[in-house]
Amino acid sequence: MSRPVRIGVQLQPQHAPEYTLIRDAVLRAEEAGVDIVFNWDHFYPLTGDPAGAHFECWTMLGAWAEQTERVEIGALVTGGGYRNPDLLADMARTVDQISGGRLILGIGGGWFQRDYDEYGYEFGTPGTRLNLLKDNMARIKARLARLNPQPTRQIPILIGGGGERKTLRLVAEYADIWHSFADLDTLARKNEILAEHAAAVGTDAGRIERSVQWQGLARADALRAAGVSLFTVGVSGPEYDLSTLKQAIDWRDEVNPELLEGLA
C-alpha cells in the first residue's frame, strides 16, 4: 500500500526547566508544517544529566490537545506497564475527544529500568513485559468499545519495538502503525516476519504504516522505497532546535508533490 510521507517530531520532555519551553516548541512545530507531534513516556531524562528536569507524558498530551489545531499528537511510546490498561484506554479516549480526533495511541513493552524502580513498578524481564503488553492490548481494545461517549474515531494504535516473536505478532494483531528502530537491511527482514504474523492472524500487513526515527536525508529515500512513510525527528530541551525537522519537512514536500498540487 502506497502512502504519502508524513513527518513527526518527538519533543523529548527532558532538560526543559520550564514547561513553557515545550509549549513554545509545539507551537513552532505546528507552524513549521509537521504532521505529528510526539513526546515520550519516561519519568527521568534518557540522555544528559540523569537528574535533569523532566515532565510527565499524558498530562502533557491533554495540554497539547487544547493547544494545537491541526497536528496529530501522541506518545512515542507509552510504557505498557505504567498504567492500568482500562484507565489508559479512558485517558486516550478523553484526549481524543479534547483534540477533536487527533490522538495516536503509541504503546510499547517498556525498557528503562529506572522508571520502574523509582515509581514502584515490577520491571520483570523482556518476556514478562511483552506478555503484559499482550494482555493490556486486549483490555484496551475492550475498554475503548465500552466507553461512553465513544472516541471520535477508531484511535490509531502505534506499537513500537522489533521483537520478532512477540512484538511483531502484537503489531500484526493490533497496530495501525509499527515504529521500528531497525536499519534498512534489518527492516526488510522484519517486514517479512511481520507479513507472516499478519497472515497467521488473518490480516493484511500492508495496512500497517511503517515508522522510523529520522536517519538523515542520505537514507530517507531508501527507507521510503522500503515502505516507510512516517519519519520522526527527535529533539530535546532546553533549546528544542527544529532545524533538522524543517529539513525533513522540505524533503516530505518534495516527495509528496501531488499533495501540494491539491492545495494549489
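Descriptive notes on the structure:
- Of the GluC sites (Glu not before Pro) found in the stretch 201-256, no site is in coil according to DSSP while having at most 10 other Cβ atoms within 10 Å of its Cβ.
- Considering only 98, 174, 256, the residue lying farthest towards the positive end of the dipole of the chain is 174, judged by Cα position with unit charges set on Cβ.
- Under the span-like rule (Cα at least 27 Å along the axis, Kyte-Doolittle mean at least -1.0), DSSP H helices of the chain: 126-146
- Coil-residue GluC sites (Glu not before Pro) of the stretch 42-151, DSSP, other Cβ within 10 Å capped at 16: 56, 69, 122
- Centroid-to-centroid, using Cα positions, the stretch 34-75 and the stretch 98-121 are 10 Å apart.
- Gap separating the Cα centres of the stretch 5-26 and the stretch 177-231, nearest whole Å: 25
- If you model the chain as an ellipsoid using its alpha carbon gyration tensor, with each semi-axis the square root of five times an eigenvalue, the axes come out at 25, 24, 19 Å, biggest first.
- Of the chymotrypsin sites (Phe, Trp or Tyr not before Pro) found in the stretch 167-205, those that fall in a DSSP loop while having at most 16 other beta-carbon atoms within 10 Å are 181.
- If R0 is taken as 25 Å, the Cβ-Cβ distance between residue 254 and residue 31 corresponds to a FRET efficiency of 0.80.
- Range in the chain, longest, excluding exposed trypsin sites (Lys or Arg not before Pro) [loop by DSSP; at most 12 other beta-carbon atoms within 10 Å]: 166-264
- Model label points for residue 135 and residue 86, set 7 angstrom from Cα along the Cα-to-Cβ axis, are 1.4 nm apart.
- The alpha-carbon of residue 141 sits under 21 angstrom from the alpha-carbons of these lysines, leaving out residues fewer than 8 places away in its chain: 166.
Quick note: the coordinates plus some simple rules give every number you see, no bench work behind them. The structure displayed is predicted, hence computed values, not measured ones. Note: ideal-geometry Cβ built from the backbone for every residue, glycine included; neighbour counts use all protein chains shown.
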